[in-house]
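Colleague: Quick one: this structure, given as structure tokens, is what I'll be asking you about.
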Amino acid sequence: MSQVSRLSAPAFCLCAAMSCAVLFAASVLSLPAAAAYPERPIRIIVPFPPGGASDVIARLFADKFAQTWGVTAVVDNRTGASGIIGTDIVAKAPADGYTLGMVALSFAINPAIHKLPYDSDRDFTFVTIAASNPLVLVSNPQFQARSVKELIDMAKTKPDGVTFASSGTGTSPHMSAELFKLMTGVKMLHVPYKGSTAAHPDLFAGRVNVMFDTLIATLPHIKGGRLKVLGITSKTRSAELPDAVPIAETVPGYESTSWVVMMGPSKIPAPVVEKLNAESVRLLVLPDVKERVARLGAVPVGNSASEARKFIHAELAKWTKTVKAAGITSGN
């Protein structure tokens with residue numbers, strides 16, 4: 001006979017009442033803290049150098065948090081190790097909502113390549129996807145292929161005859177190409193460079209055939225006629241480049257965007273997460289914020305915390321599979 005079944009009805013009711021009282025008291029005690037949040041400075045860790053999309057968006061958030069809540073909000077750039085150093089600071093911070101992080105696609109790629117001091121799925125609270133930045137597949141204007149379909153046909157008839165540039169191994173341009181290879185079955189030769197701008201001269205001259213790159217990096221060259229667009233990596237067209245056809249129209253299910261997510265350490269109290277999420281979603285529709293995000297070649301998102309977690313979980317799975325298929329290791 002179980003312990004519960006041996007209890008008399010009055011005793012069982014008393015125990016149940018006491019349990020409910022404890023739970024109620026705990027929830028009531030958490031309400032003042034959540035209602036008062038924030039009452040001291042907020043720090044947003046950016047694990048990349050100043051000037052990138054994560055940094056710019058983090059500074060937008062910091063400014064708006066300060067305006068709305070009347071507290072100091074600072075951005076702290078903690079760079080190094082593909083974003084791992086700064087991300088680890090977030091993972092090990094107190095779960096009170098006063099230390100947040102603003103990370104990018106490398107967050108979902110790193111677990112498949114590096115040994116990490118944190119668990120990318122369990123050790124974080126995801127507040128919202130702040131923005132999504134599609135990439136474009138571009139080539140020299142004289143390149144024979146004029147569409148994604150023609151590129152696939154060419155790559156299938158000339159294995160390793162098609163070359164693609166990237167801004168470095170494990171970067172979003174590189175991984176976008178590896179996902180393309182995985183989903184189409186084509187072979188292409190990777191030519192890594194130290195950054196997008198280093199790759200562009202060879203791309204302009206046709207010494208390398210194609211490249212996946214960000215809108216902000218390629219748009220001036222597209223408008224200037226030095227690059228032509230074969231496709232875009234988002235599932236929908238871009239307002240900045242409306243004629244760019246989504247690769248998904250030729251390769252069903254293909255999507256590769258360089259996103260920015262706001263997060264914190266795991267176990268931040270739900271009321272604090274809800275308050276952070278509500279303010280983040282509100283500010284992402286403000287005209288000045290939308291305009292600044294658009295200048296990065298990105299699109300504001302602002303989804304719920306549960307949607308953000310579901311998205312990151314799917315991204316971790318997708319890029320782990322892609323990295324494994326490409327045979328990429330930390331030694332590459």
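Colleague: If contacts are Cα pairs under 8 angstrom and at least 6 residues apart, what is the relative contact order of the range 134-249 in percent?
Modeller: 38 percent
Colleague: Cut-off is 10 Å between beta-carbons; in what order do 127, 75 appear when sorted fewest neighbours first?
Modeller: Fewest to most other Cβ atoms nearby, the residues stand as 75, 127.
Colleague: Can you list the equivalent-ellipsoid semi-axes of the range 63-221, largest first and in whole Å, using the square root of 5 times each Cα gyration tensor eigenvalue?
Modeller: Ellipsoid semi-axes (Å, largest first): 37, 18, 13.
Colleague: Which trypsin sites (Lys or Arg not before Pro) does the range 256-295 hold that lie in a coil by DSSP with at most 14 other beta carbons within 10 Å?
Modeller: 267, 295
Colleague: Could you work out the relative contact order of the chain, using alpha carbon pairs under 8 angstrom and six or more residues apart, expressed as a whole percent?
Modeller: Rounded, it is 24 percent for the chain.
Colleague: Return the aspartates and glutamates within reach of residue 228: Cα separation strictly under 15 angstrom, same-chain partners fewer than 8 residues apart disregarded; answer none if there are no such residues.
Modeller: 150, 202, 213, 240, 243
Colleague: Per the Debye formula with a single identical scatterer at each Cα and no solvent contribution, what log10 I(q)/I(0) holds for the chain at q = 0.08 Å⁻¹?
Modeller: Relative scattering, expressed as log10 I(q)/I(0), comes to -0.44.
Colleague: Have a look at the DSSP beta bridges in the chain and tell me what percent are antiparallel, nearest 5.
Modeller: 60 percent
Colleague: Jot down the radius of gyration and Dmax of the range 215-314, Cα atoms only, both in angstrom.
Modeller: 16.5, 52
Colleague: What number, rounded to the nearest 500 deg cm²/dmol, is the helix-based mean residue ellipticity at 222 nm of the chain, given -39500 (n - 2.57) per DSSP H run of at least four residues and division by all its residues?
Modeller: That comes out to -14500 deg cm²/dmol.
Colleague: Which of the trypsin sites (Lys or Arg not before Pro) found in the range 161-194 are loop residues per DSSP with 11 or fewer other Cβ atoms within 10 Å of their Cβ?
Modeller: Here the sparse-neighbourhood loop sites are 194.
Colleague: Would you mind checking which residues have amide H under 5 Å from residue 42's amide H? H placed 1.01 Å from N; only 5 or more apart, or other chain.
Modeller: HN-HN under 5 Å from residue 42: 72, 73, 74.
Values in this text are rule-based calculations from the coordinates and carry no lab data. Since the structure is predicted, the reported quantities are computational estimates derived from the model, not experimental observations. A quick note on method: Cβ atoms are made from the backbone with ideal geometry, for glycine too, and the neighbour counts reach across all protein chains shown.
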